[in-house]
Every structure is written in C-alpha cells, then in structure tokens.
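Comments concern the structure below.
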Amino acid sequence: MKGNLSQRWPLPSAPRPIVIIGAGGIVSDAHLPAYKQAGFSVEGIFDLNKEQAEKTANQWNIPTVFSTLEEATQSSDVVYDLALPPVAVPATLEALPDNVPVLIQKPMGMNLDDARNIKHICHRKNLMAAVNFQLRYAPMMLALSDAIQKGHVGELLDIELHLNISTPWEMFPFLKSMDRIELLVHSIHYIDLIRSIAGEPSGVLCRTMADPRSKDFKQTRTSVIFDYPYPVRGLMSINHNHDYGRRAQDALFRFEGTEGCITVKMGVSLDYPKGEPDEFWIATNGSDWESVPLNGSWFPEAFIGTMSNLQRFANGEDNILNTSVDDAFNTMAVVEACFESNALPSHPIAKS
C-alpha cells in the first residue's frame, strides 16, 4: 500500500500571480511558505496596517505594498487571497473586479446569515470564489480520501475524531470577545472534512461549552454526533484544556469500514504551534497495521492545495471547485445547526 495513495493536489500548469489582502500571522505562517514551496508568484499585498504589510513584503520579497484597498483590487489577471477576519470579507469582495478568482479565509462569516450574504455577493459578481478549508488538502487527508475512494476500507461505517489537547488560547486574545469560538474557528475544519468524506448529515446533536480553566473563552470543549443514514456513525469529542502532559493527549481521526480502518494523527494540534509529525496508519482485513509515509503536513502543504484547486478551476484544468462558496455554505450550515442544537434541551429521563 505504501506510496500508492495520492497526497498532493496537482499544480496549475500556468499559475496566475496572487494579490494578498491581509498581512496577519496566518499569511506569514502558512500562506506565503506554501506559495513559495509551490513556486507561486505573489505580486502584491495590502493591509490596513501598512507597517505590517511592509514588514511581510520585506520578509517574503513581495514587490508591491498597496496603500489602499482600491489600489490593491485593480487587476483582473490575478488571484485574490483574502486573509481577513469574517467581518471584513463582504466589503472586500465588493471592491474586487467581477469575474476574478478569489480565495476567502474561513470561516465564511460569523453565522449562516453572513455566509448567505457572502455567497450572494460572489454569485452577483460572478466570482470564482472558494473558502480556505485547507485540511481537505493536507497530505494525510488526500491519502485518506484516495484510500476510501479506492475501496481499501470497504463500506464506511464509523467516523470518529478524538481531540484531547492543550491549546495555548493566550495566543489568540481576539477570541475573547467572540460568542462563537470552538466550532466556528477550530472544529469547522473537521466538520468540513467529514462532509467531504461522508456527505451531508441530516442533522446533529451538539454540546459546546466553556471550561473554568479557560474561562475567558466562550467555548473550548465540544461534543457532536452527526446523524447519517445507517450504517454510518459519526462523532467528535473535543477538549482543548488537557494540560496534564503528553501521555493522555490525542488528536486522532478514525475512519473504519467493513474491510479496514484508517487512523490519522494531526500532529500540529499536539504541542501547538511546534507540533509533532502527522501519521497515517491503515489496516485491512487479514493484514497488520501499516504506516504510510507522508509527504508534508497540514501546515503549510495543505495551503498549496486550496490555491492549486482554485487556479486550476479558473484555468479549466479542474472541473470542480471543491471548497466553493456553495459547498462552504453547507459546512457553515452544519456549524449553525450545532449551535442551534446546543441551545436546545436534551431528551428528559423519566423520574419514575
């Protein structure tokens, strides 16, 4: 099985230059390392904090720092990469030329109404718009998707995510003011991945809550059951507050079928942001567990995949834009359903 699973999305044959709107940490930590590795050309960058944009441009040899959003959005021959908070996305989309490719940072708004508005803007302007749900494109997850499509695990039965980690929430002070945190900015990646593998759930059961050890943040623990038709069972158990050492920490996806099982370790979640190596293990009926070597990790390689799919779609090389705003809207709908489920009472237990 080793070496037989696809782990990279094909690169575009004629990459278009990229203009980045936003110069936050994710740009220097993931976008720009990925684009450099892929050989993509970044033509310019803009940020309301021009000093930060200039610092990023100097670090990554970006030739142009735009002074205004209007200056940054004049070209129809580039791909726009919007690395922005959700509240800034609609106005920025309106500033873009019509008919251009654009990659939008997740989440697709703060709620489903925001997502609907973003989708409508993109349709009205005929934008080739995708949302940067890049976990799908991590080498381990491309291998996972390929293995399942090739039938290596048979009929899919069980999807389980177990995340028991210590997340350094102090690195993200901007989250303190948000009412929606864990599902919207973190587990949305896992929800999107599960959708990409198993399709659309008919409903969810969810509880998401704070933790007294991270009391400044509205939610850091989540449980979700996905309602899929028999025989598929799907669930996520997530705790970001396990600060008792590495022994019981875990960041594991399990995909089990009638003929085999795959486990995927998401190393970046362990000892974040340093992380550990990702791992991919597969066992099939009659065989022992086998480790499949991985060619890269979630950060930064997965960010090559989202940009490559968008560019190839814009060039006519890919038939499907996998994380289009229409598809991403469905991920946002599952997230919204989780918050709505969380607000509902559970089924009562008879007292006598």
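The values are calculated or read from the model by the stated rules, or taken from the named source; none is laboratory data. All figures in this text were calculated on a predicted structure; none of them were measured in a lab. Cβ placement follows ideal geometry from the backbone for every residue including glycine, while neighbour counts extend to all protein chains displayed.
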Exactly one of Ser214, Ser187, Ser237 is among the small types (Gly, Ala, Ser), farther than 16 Å from Asn111 by Cβ and either outside the structural domain of Gln149 (by TED's automatic domain parsing) or modelled with pLDDT of 95 or more (or both), and that residue is Ser237
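The rows are residues; the columns are (1) farther than 15 Å from Asp327 by Cβ; (2) surrounded by fewer than 21 Cβ atoms within 10 Å (Cβ to Cβ); (3) modelled with pLDDT under 95.
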residue	(1), (2), (3)
Ala95	yes, yes, no
Val100	yes, no, no
Leu103	no, no, no
Asp113	yes, yes, no
Ile118	no, no, no
Arg124	yes, yes, no
Ala130	no, no, no
Gln134	no, no, no
Of Gly199, Gly203, Gly154, the only residue that is closer than 29 Å to Pro293 by Cβ and surrounded by fewer than 17 Cβ atoms within 10 Å (Cβ to Cβ) is Gly154
Every listed condition ((1) within 16 Å of the chain's Cα centre (by Cα); (2) at pLDDT 95 or above) holds for Pro300 save (2)
Taking region 50-86 and keeping residues surrounded by fewer than 12 Cβ atoms within 10 Å (Cβ to Cβ) and in contact (Cβ under 8 Å) with a residue 24 or more places away in the chain leaves Gln59, Glu70, Ser76, Asp77
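Here's the yes/no breakdown for (1) more than 24 Å from Val204 (Cβ to Cβ); (2) part of a helix (DSSP H, G or I); (3) in contact (Cβ under 8 Å) with a residue 60 or more places away in the chain; (4) not charged (D, E, K, R):
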{"position": "Ser223", "(1), (2), (3), (4)": "no, no, no, yes"}
{"position": "Phe226", "(1), (2), (3), (4)": "no, no, yes, yes"}
{"position": "Pro229", "(1), (2), (3), (4)": "no, no, no, yes"}
{"position": "Leu235", "(1), (2), (3), (4)": "no, no, yes, yes"}
{"position": "Arg247", "(1), (2), (3), (4)": "yes, no, no, no"}
{"position": "Leu252", "(1), (2), (3), (4)": "no, no, yes, yes"}
{"position": "Ile262", "(1), (2), (3), (4)": "no, no, yes, yes"}
{"position": "Phe280", "(1), (2), (3), (4)": "yes, no, yes, yes"}
Among helices (runs of 4 or more DSSP H) entirely inside region 27-132, those with 2 or more residues being in contact with a helix residue (DSSP H, G or I) (Cβ under 9 Å, 6 or more places away or on another chain) and closer than 25 Å to Met332 by Cβ are 89-95, 112-124
Picking from Ala210, Ala143, the residue that is in contact with a Phe, Trp or Tyr (Cβ under 8 Å, 6 or more places away or on another chain), surrounded by fewer than 21 Cβ atoms within 10 Å (Cβ to Cβ) and of a type in the set (Gly, Ala, Ser) would be Ala210
